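Working notes, beginning with the structure itself.
The values are calculated or read from the model by the stated rules, or taken from the named source; none is laboratory data. None of these values were measured; they are calculated from a predicted model. Every residue, glycine as well, gets a Cβ built from its backbone with ideal geometry; the counts of neighbours run over all protein chains shown. Remember, those area values only see protein heavy atoms, side chains included, never the ligands or the DNA or RNA. Shrake-Rupley method; radii C 1.70, N 1.55, O 1.52, S 1.80 Å.
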Amino acid sequence: YHVVLECGPYTFRSKTSSGNFRLEKIYWNEKFTFRLTEQEVETAGFLKLKIMSQGGYLSDDEFVGETLIFLKGITAEGSYRGTVELKPSAFNVVAEDDRRYRGEVTLGLRFIA
């Protein structure tokens, strides 16, 4: 599994996960930096994490689920205070139709103005 992160005009791909796939305990421990202009901060309403399953030989990766982290409150407070940090918290992962719960992903954020 890997994660595709999208925020404003930027897209990053995580490394392939580690952990016990049979027990569905999958781990990533990576840091990503999004360097956004003031205008991009104002227009980037959310951070999207798409969890993908590795495709087989010569096949595309398969979508597992996604989560959206809304950033308006975080960026507003960070702009006022200079920095704000969200301690690692669990976010629900849902299928594309937003109806099927697929699990949780734990994520921490730091915004530096």
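Remarks
- Label point 7 Å beyond Cα of residue 32 along Cβ direction - residues of region 82-109 with amide nitrogen under 20 Å: 84-98, 102-109
- With all protein chains in place and a 1.4 Å probe, the accessible surface of the chain carries 49 percent carbon and sulfur.
- Counting lysine pairs in the chain that sit 8 or more residues apart in sequence, or on different chains, and whose Cα atoms lie under 18 Å apart gives 11.
- The chain - accessible surface per residue (Å², probe 1.4 Å): 74
- FRET efficiency, residue 25 to residue 109 (Cβ-Cβ, R0 25 Å, nearest 0.05): 0.65
- Between the helical axis of 72-81 and the longest alpha-carbon principal axis of the chain there is an angle of about 40 degrees.
- Summing Lys and Arg as +1 and Asp and Glu as -1 over all other residues whose Cβ lies under 12 Å from the Cβ of residue 85 gives a net charge of +2.
- Net charge, residue 111 excluded, C-beta distance under 15 Å - Lys, Arg +1, Asp, Glu -1: +1
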